[in-house]
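Structure record follows, encoded as structure tokens.
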Amino acid sequence: MHDKPVRPVLVVIAHGSRDPRHAATVHALVRRVRSLRPGLRVETGFLDFTIPSVQGVLESLAAEGVRDVVALPLLLTRAFHAKADIPAVLRDAPRRLRISQAEVLGPSPLLLTALERRLYEAGLSPADKSSTGVVLASAGSTDPEAIAVIAEIAREWRHTGWCAVRPAFASASLPRTQDAVRELRELGCARIAVAPYVLAPGFLPDRIARGAAEADVLAEVLGPAPEVARVLLERYDTARAARTAKSARVPTLAAVGA
């Protein structure tokens, strides 16, 4: 009789912030993930400002005897942190750990559902869609790939029935939230809503909120929305399946070389 394989520990890697609301929101999201998958061990590490650090979490797991880890960047786009910072931290992890890096959360249809959930919670209804222009407000990035992804999400979301959808950025890129609000107003949309495409409160989300001063509706950040928690588990499952498939191929390759 074979022992049941131990599931890899899910390590959620958050950016971190001096704003205490950031960590509180991340922990609320992780609690929701645990509630959706009770048998899964989920730990949280932060890249900066907040403890525990990612390195500290990985060292603790190794000291416990954990072997397999799926590291999941709590990011909406594949920008600098996903491409450089996080791989660098994982390379410095204890050697005994076998770590798979999962993909970032976005884009995903579930995140669009979460954005709409937040807009409806802020006072809109599905009947308002055709007369409402939406600003998809993200933190911004110097990475062209990340900016292109945000623009594509806005185009895709427009096709679900909104009057119009425009991307906006709190830093590094243009337009700013307030400029996108004015553009939608000039376009003739009867109502303007701002949907922050960010996971947790902090400096840049606050800038988005200030830019939404002339909008009619400002939604909350995505935070611990159930759809976001489901995306985390989807990314975990995909990374775990990829590792299993890779492991299954190793004996075959060894046999070929024998």
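The values are calculated or read from the model by the stated rules, or taken from the named source; none is laboratory data. Source: prediction; values computed, not measured. All Cβ positions, glycine included, derive from the backbone under ideal geometry; neighbour counts span all protein chains shown. Quick note on the areas: whole protein, heavy atoms, side chains included, nothing else; ligands and nucleic acids left out. Shrake-Rupley method; radii C 1.70, N 1.55, O 1.52, S 1.80 Å.
Residues are listed down the side, and each one gets a yes or a no for (1) of a type in the set (K, R); (2) surrounded by fewer than 22 Cβ atoms within 10 Å (Cβ to Cβ); (3) part of a loop (DSSP other than H, G, I, E, B):
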position: A24; (1), (2), (3): no, yes, no
position: P38; (1), (2), (3): no, yes, yes
position: R78; (1), (2), (3): yes, yes, yes
position: L90; (1), (2), (3): no, yes, no
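Any residue in the range 67-74 that is surrounded by fewer than 19 Cβ atoms within 10 Å (Cβ to Cβ) and not aliphatic (A, V, I, L, M)? Yes, the range 67-74 has at least one match.
Within the range 87-127, the residues that satisfy the criterion of being under 19 Å from R67 (Cα atoms) and among the polar types (S, T, N, Q) are S100, Q101.
Quick check: anything in the range 152-172 more than 24 Å from the chain's Cα centre (by Cα) and among the basic types (K, R)? No, there is no match, as no residue in the range 152-172 is more than 24 Å from the chain's Cα centre (by Cα) and among the basic types (K, R). One residue alone among A127, A154 is closer than 18 Å to R182 by Cα, out of contact with any helix residue (DSSP H, G or I) (no Cβ under 7 Å at 6 or more places or on another chain) and either part of a helix (DSSP H, G or I) or open to solvent by 10 Å² or more (accessible area, probe 1.4 Å) (or both), and that residue is A154. Residue count for the range 105-124 satisfying the condition of being in a loop (DSSP other than H, G, I, E, B) and within 19 Å of T77 (Cβ to Cβ): 4. Against the conditions (1) farther than 21 Å from D237 by Cβ; (2) open to solvent by less than 30 Å² (accessible area, probe 1.4 Å), V11 satisfies every one except (1). Under the condition of being free of Cβ contacts under 8 Å to residues at least 12 places away in the same chain and surrounded by fewer than 15 Cβ atoms within 10 Å (Cβ to Cβ), the residues counted in the range 40-59 number 3. Of the numbered criteria (1) among the β-branched types (V, I, T); (2) in contact with a helix residue (DSSP H, G or I) (Cβ under 6 Å, 6 or more places away or on another chain); (3) not in a strand (DSSP E or B), the one I99 fails is (3).
Here T142 clears all of (1) part of a strand (DSSP E or B); (2) exposed (fewer than 15 other Cβ atoms within 10 Å of the Cβ); (3) among the β-branched types (V, I, T) except the condition numbered (1). Filter the range 159-193 for residues that are assigned to a strand (DSSP E or B) and within 18 Å of A127 (Cβ to Cβ); which is most open to solvent (accessible area, probe 1.4 Å)? Filtering the range 159-193 for residues that are assigned to a strand (DSSP E or B) and within 18 Å of A127 (Cβ to Cβ), the one most open to solvent (accessible area, probe 1.4 Å) comes out as R191. Pull out all pairs, ordered by first then second residue, where Cβ-Cβ is under 8 Å, the residues are six or more apart or on different chains, the first lies in the range 203-231 and is under 22 Å from L72 (Cα atoms) and open to solvent by less than 10 Å² (accessible area, probe 1.4 Å), and the second is outside any helix (DSSP H, G or I) and among the hydroxyl-bearing types (S, T, Y). Close Cβ pairs (under 8 Å, with a partner that is outside any helix (DSSP H, G or I) and among the hydroxyl-bearing types (S, T, Y)) amount to L222/Y197; V231/S108. hydroxyl-bearing (S, T, Y), surrounded by 20 or more Cβ atoms within 10 Å (Cβ to Cβ) and at pLDDT below 95: does that describe S247? For S247, the condition - hydroxyl-bearing (S, T, Y), surrounded by 20 or more Cβ atoms within 10 Å (Cβ to Cβ) and at pLDDT below 95 - is not met. Going by the structure shown, is A137 under 16 Å from the mean Cα position of the chain (by Cα), at pLDDT 95 or above, among the aliphatic types (A, V, I, L, M) and not in a helix (DSSP H, G or I)? In short, yes.
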